[in-house]
Amino acid sequence: MEIPKNYNPQEAEKEIYEKWSKSGFFNPDVCIEKKKTSPDAPHFSIILPPPNVTGVLHIGHAVGTTTEDILVRFYRMKRYRTLWVPGTDHAAIATQSKVESIIQKQEKKNRHDLGREEFLKRVNSFAQESHDTIVSQIKKMGASVDWGREAYTLDKKRNNAVVTAFKTLHDLGLIYRGIRIINWDPKGQTSVSDDEVKHEESEGTLYTFYYEKDFPIPIATTRPETKLGDTGVAVNPKDKRYKKYVGKTFRVNFAGEELKIKVVADKEVDPSFGTGAVGVTPAHSFVDWEIANRHDLEVKQVINEYAKISLPKSEFFGLKTTKARELILEKIKKNGLLLKEEKIKQNIARAERTGGLIEPLPKLQWFVAVNKDFTFPHSSLSFVKKGEKTTLKKLMKLAVKKKHVSILPQRFEKTYFHWIDNLRDWCISRQIWFGHRIPVYYPKDNSKKENISFFVGEKPLEGEWEQDPDTLDTWFSSALWTFSTLGWPEKKKNEKKYEEGNDLVNYHPTTVLETGYDILFFWVARMILMTTVLLGEVPFSYTYLHGIVRDKAGRKMSKSLGNVMDPIGIAEKYGTDALRMSLIIGASPGNDIKISEEKIKAQKHFANKIWNASRFILLSLPEKEKDLQKIIQKKIPLNKKDTTRAKKLSKHIKEVTNDIENFRLYLAGEKLYHYFWHTFADIMIEESKESIYQGKEEDRLSASQNLYLQLTEQLKLLHPFMPFLTEKIWSLIPKTAEKDLLLIEKWPET
RNA sequence: GGACGGCUAGCUCAAUCGGCAGAGUGUCGCAUUCACAUUGCGAAGGUUAUUGGUUCAAGUCCAAUGCCGUCCACCA
């Protein structure tokens, strides 16, 4: 047989992936049927973090996919009942705003010009295209996912899960509708959750002034235009300067607007900052909203959804907040009310997806109550009993504290707890069109009234009803992902460990959630929230957090910097296996991964080294059929030296296995590299040449036997990391008849 | 303001329980009929950011400092 001198990944990869797919072994049901695992075997399951259908896979996805595939292939070879479910995420706001901007650019139209139905058609076709690209890219990475179980966060089954989850939480009293101050994105024309707001530092001006001459307390603000909505002034209870005014109400005229200002004492006020007095604007500041709640101050909205002044009688009506600010300042100055003007550093809030400047506004929205007591309905969790009073916050916290979920690296547990401590009710309604429509029905033409009775769940048959026009936060459906992909709510949990056809019983809780640390809050925390309350289980036993991929200079990859690496381009140039190795070696959990073309090249060299070492062994195997058969059946006795070599291999197998089992993939990868190249190729093969070319027959056979063993066992060890290359070489190696794909070979005994 | 991470060879990073500081890449030298030039062999390259402490032993543990970075909070 002719074996080329160089390994050609482009040729091998496509053919091999098809071979794997055809074999059916990505599907655990087939593995059971073909006796490659059994119903009694422990399960190992991962649900692929669904990539957003906003475009193509980036290198971060490649890290995740590789990490997951290594684990999945390892446990499949260890004969676990192994399932990896693929899918994609509709990514509501991200996708909608992307399509909106494309339509704006190409047709100069906005979504209202098209109408809800037509617009959604456009978004769906964009999503479909993006989906198809993503699927082909996941395949290119070699991911051994079970395509037969593919899911989409917005498909029919997942919608059923969303509706059921919404209704269940509402029935438990954990979802409510109400007017609260929320983050409003004027650009995207929707509310967003606290986590979707990003703060960036900028320079601002802090103005200190009086509302009017007769008002005794000066106040300070960076946004004078919001002061049109002030209904109070808060001071510290211990502040002697202002004590005499506390409890009094003043009527003042500020910039032509009549204000009713009540002076209140609140311990949150820092007497040493500014003037020690806060002008309270309940409608346009989170902190002020809280103060107003505590002291029963009136809420007066002065800014609307378009970030314009909304007071019809005011001279500033209809002006943008920035313009109004200028004019109001002029007035303050003209009236001699300005005391001080100083430059300060401040953080401005922007919507993560659209970049719009966040305007806090009171609005009627849907919320998940995280601090509210409710009666826990399940008996399957050890840290909270059935019938016990608890809160969602407590559930989220205890799941990790009681080690039902372990976060790797562990230091992120602290970050997680801290986030929960600061958590406010989760605003889940969005005023966008793309996403799961809120499953609530109001009597016709009454959807905007606050105190109206409504119907949650399926549309009622009788009477005139209309569905809530809003959609759900995309993370609401993502939070259900581990079980919505496994058949919930049609499938139910029961006492059994295995029930044919019931994925929820067979694979939930999943074993590992592998994702980037940047979505710990967005996703991981919310999955724990939803799963504990809805299923009485945790979603996964381990959370493995990988780092963010950075360029050679340590910069985050971004389109604007032009340093984005296309994983597929790299895979095509250097081979998928080389890309996979370079993403794993040197990438410990939670730490950022720096990648460069040189690093990938080094792994391409390694792939070629493996190829050529294998080539040598294949060419040096004994020609006599009888001897060859003995070697294949591992029947040649090893001499003393080769026995030592075999022992080295066992030790190596043990170490690599141990590293993978403990999620130290970066170490396992490095050891595989080092052992193959510098122990096996440099030393063992070189030393064996003497026996093979000039040795006595028994030494020659012993050497061949050892090299054969070393190679075949190492191919197994390397397979999860470099699946294509190893599978290709495996197909060239003479072996016993029952052996077929390396994919489903048994992992070496330790 | 709070929390977390990093600082190890020119560069990118490892070092599992506290036990001989090690890879890749780059640099320099040598080698090409015999698996592999996408290679092999060899060399140079280190006060592990700084200061102090614990210990038989510290890159690793403790305390402090400096620089770089990240997340959270949001002082109006």
Looking for whichever is open to solvent by 20 Å² or more (accessible area, probe 1.4 Å) and touching a Lys or Arg at 6+ places or on another chain (Cβ under 9 Å) here; the options are A:335, A:253. Which one fits?
-> A:335
Does residue A:645 satisfy the criteria of being more than 14 Å from RNA strand B (Cβ to nearest atom), within 30 Å of residue A:520 (Cα to Cα) and either in contact (Cβ under 8 Å) with a residue 24 or more places away in the chain or more than 40 Å from the chain's Cα centre (by Cα) (or both)?
-> no
Quick check: is even one residue across the range A:262-272 farther than 30 Å from residue A:100 by Cα, modelled with pLDDT of 95 or more, more than 13 Å from RNA strand B (Cβ to nearest atom) and among the charged types (D, E, K, R)?
-> yes
Members of the range A:206-234 found to be near RNA strand B (Cβ under 8 Å from one of its atoms) and either more than 24 Å from residue A:312 (Cα to Cα) or β-branched (Val, Ile, Thr) (or both), listed by number = A:206, A:219, A:220, A:221, A:222, A:226, A:234
The one condition in (1) modelled with pLDDT of 85 or more; (2) of a type outside the set (Asp, Glu); (3) open to solvent by 50 Å² or more (accessible area, probe 1.4 Å) that residue A:591 fails to fulfil | (1)
Residue under evaluation residue A:13, criteria (1) under 19 Å from residue A:147 (Cβ atoms); (2) open to solvent by 40 Å² or more (accessible area, probe 1.4 Å); (3) among the charged types (D, E, K, R), criterion not met | (2)
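Would you pick out the residues in the range A:209-226 that are closer than 16 Å to residue A:341 by Cβ and open to solvent by 10 Å² or more (accessible area, probe 1.4 Å)?
Residues satisfying the conditions are A:210, A:218, A:220, A:221, A:222, A:223.
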The range A:648-678, subset under 14 Å from residue A:586 (Cβ atoms) and surrounded by 21 or more Cβ atoms within 10 Å (Cβ to Cβ), residue nearest to the chain's Cα centre (by Cα) = A:665
Every listed condition ((1) in a strand (DSSP E or B); (2) in contact with a helix residue (DSSP H, G or I) (Cβ under 7 Å, 6 or more places away or on another chain); (3) over 29 Å from residue A:252 (Cα atoms)) holds for residue A:202 save (2)
Going through the range A:406-432 in order, the residues found to be within 12 Å of RNA strand B (Cβ to nearest atom) and in a loop (DSSP other than H, G, I, E, B) are A:409, A:410, A:411, A:422, A:423, A:424
What about residue A:641, is it surrounded by 13 or more Cβ atoms within 10 Å (Cβ to Cβ), basic (Lys, Arg) and out of contact with any Ser or Thr (no Cβ under 6 Å at 6 or more places or on another chain)?
-> yes
Is it the case that the range A:441-448 has a residue that's over 20 Å from the mean Cα position of the chain (by Cα), within 16 Å of RNA strand B (Cβ to nearest atom), of a type outside the set (Val, Ile, Thr) and closer than 30 Å to residue A:288 by Cα?
-> no
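Against the condition surrounded by 15 or more Cβ atoms within 10 Å (Cβ to Cβ) and over 30 Å from residue A:546 (Cα atoms), how does residue A:447 come out, does it pass?
yes
Against the definition (open to solvent by 70 Å² or more (accessible area, probe 1.4 Å) and more than 8 Å from RNA strand B (Cβ to nearest atom)), how does residue A:203 come out, yes or no?
yes
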Selection from the range A:444-456 of residues that are modelled with pLDDT of 90 or more and touching a Lys or Arg at 6+ places or on another chain (Cβ under 9 Å) | A:454, A:456
Helices (runs of 4 or more DSSP H) contained in the range A:660-750 and holding at least 1 residues closer than 30 Å to residue A:140 by Cβ = A:665-674, A:697-718, A:723-732
Inspect the range A:175-187 for any residue being small (Gly, Ala, Ser) and either open to solvent by less than 10 Å² (accessible area, probe 1.4 Å) or under 30 Å from residue A:455 (Cβ atoms) (or both) and give the result as yes or no.
-> yes
Residue A:409: passes all of (1) closer than 17 Å to residue A:173 by Cβ; (2) of a type outside the set (S, T, N, Q); (3) in contact with a Pro (Cβ under 9 Å, 6 or more places away or on another chain) but (1)
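The values are calculated or read from the model by the stated rules, or taken from the named source; none is laboratory data. These figures come from a predicted structure and were not determined experimentally. Quick reminder, even Gly has a Cβ in these numbers, built from the backbone with ideal geometry, and neighbours come from all protein chains shown. The protein model used for the area step is the full one, side chains on, heavy atoms only, and it has no ligands, DNA or RNA in it. Shrake-Rupley method; radii C 1.70, N 1.55, O 1.52, S 1.80 Å.
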